[in-house]
Amino acid sequence: MISILAIAVVAIVDTGVRCAHLQCLDGYDNRNDGMGHGTIVATIAQQTCPSCKILPVKIYDKGRIDVADLERGLRWVKRWKQVHKRASLVVNLSMQTRDRLPVSLRKVIRDIKRLGVPVVAAAGNGGLNTLKIPEVLLVGSLDSTGQKKSWSNDGDLYTVAQEFPDAVFQRGTSYSAPVVSAILARGKKANETH
């Protein structure tokens, strides 16, 4: 890999991204996005920060998220950041898992944070979310009046929820997290250039 210039980048760790209308970098295992979830998440990030690049990291196609696949994807992100030191990277995890996080996965997340990379995750749509750990910034959803949505778990931060009636997943904290991820990436880039 050849190092890229200092740019703002949001890593979308998800179902893949259809990059036709987005500014994507070469990602990890990004053959397609059969569910459309990762593409919606990436589109929200790109709309929030038009100058940001999207780094697709595909870790699942459908159904449950396997924490081993999540760890594999995050290890790839860590290596990518070690090569592209000047990139203002933020990791977006628009997902919720109830599986116990292995020590090795938590270590990878800590390693990514030590590289100066924030890790942002969806707070979840009800029920347990084992990504609720100190190293991860959880984002919940609000309605248009500023009240927490009834289906949103508690988060560290909140944004107004977006809904997509034609999508497989019509609503959720998955669509709040990329707003925060993109704002953080844009802010990191601005701070690093001044």
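Normalised by 2.2 N^0.38 Å, where N is the number of residues, the alpha-carbon radius of gyration of region 22-130 equals 1.04. Within region 21-49, find all residues whose amide N lies under 15 Å from a label point positioned 7 Å from the Cα of V83 along Cα-to-beta-carbon. Answer for this model: 25-30.
Protection proxy ranking, highest mean first, for peptides 63-70, 105-112: 105-112, 63-70, where packing is the per-residue count of other beta-carbon atoms within 10 Å, averaged. Built from the Cα atoms of the chain, the convex hull projects on average onto 10.5 nm², one quarter of its surface area.
When you count the other C-beta atoms within 10 angstrom of each residue and take the mean per peptide, 118-126, 82-90 line up highest first as 118-126, 82-90. Per the Debye formula on identical point scatterers at the alpha carbon atoms of region 92-150, with no solvent, log10 I(q)/I(0) at q = 0.21 Å⁻¹ is -0.83. Using modelled backbone amide H atoms (1.01 Å from N, in-plane), which distant-in-sequence or interchain residues come within less than 5 Å of K53's amide H? Here A8, V9, V10 satisfy the definition.
Secondary-structure-derived ellipticity at 222 nm for the chain, considering helices only, amounts to -9500 deg cm²/dmol, per-run term -39500 (n - 2.57) for DSSP H runs with n ≥ 4.
Between D69 and D111, the distance separating the two model label sites (each 7 Å from Cα on the Cα→Cβ line) works out to 2.1 nm. Annotation: region 1-65 has a Kirkwood hydrodynamic radius of 11.8 angstrom, from the mean reciprocal C-alpha pair distance. For region 38-79, the spread of Cα coordinates along the three principal axes comes to 32, 26, 10 Å, biggest extent given first.
Take the Cα of L157, go 7 Å toward its beta carbon, and the backbone nitrogen atoms of region 71-96 under 12 Å from that spot belong to 90-92.
Bear in mind that the values in this text are calculations on the coordinates, not laboratory data. Keep in mind the model is a prediction, meaning the values are calculated, not measured. No Cβ is skipped: glycine too gets one built from the backbone with ideal geometry, and neighbour counts run over all protein chains shown.
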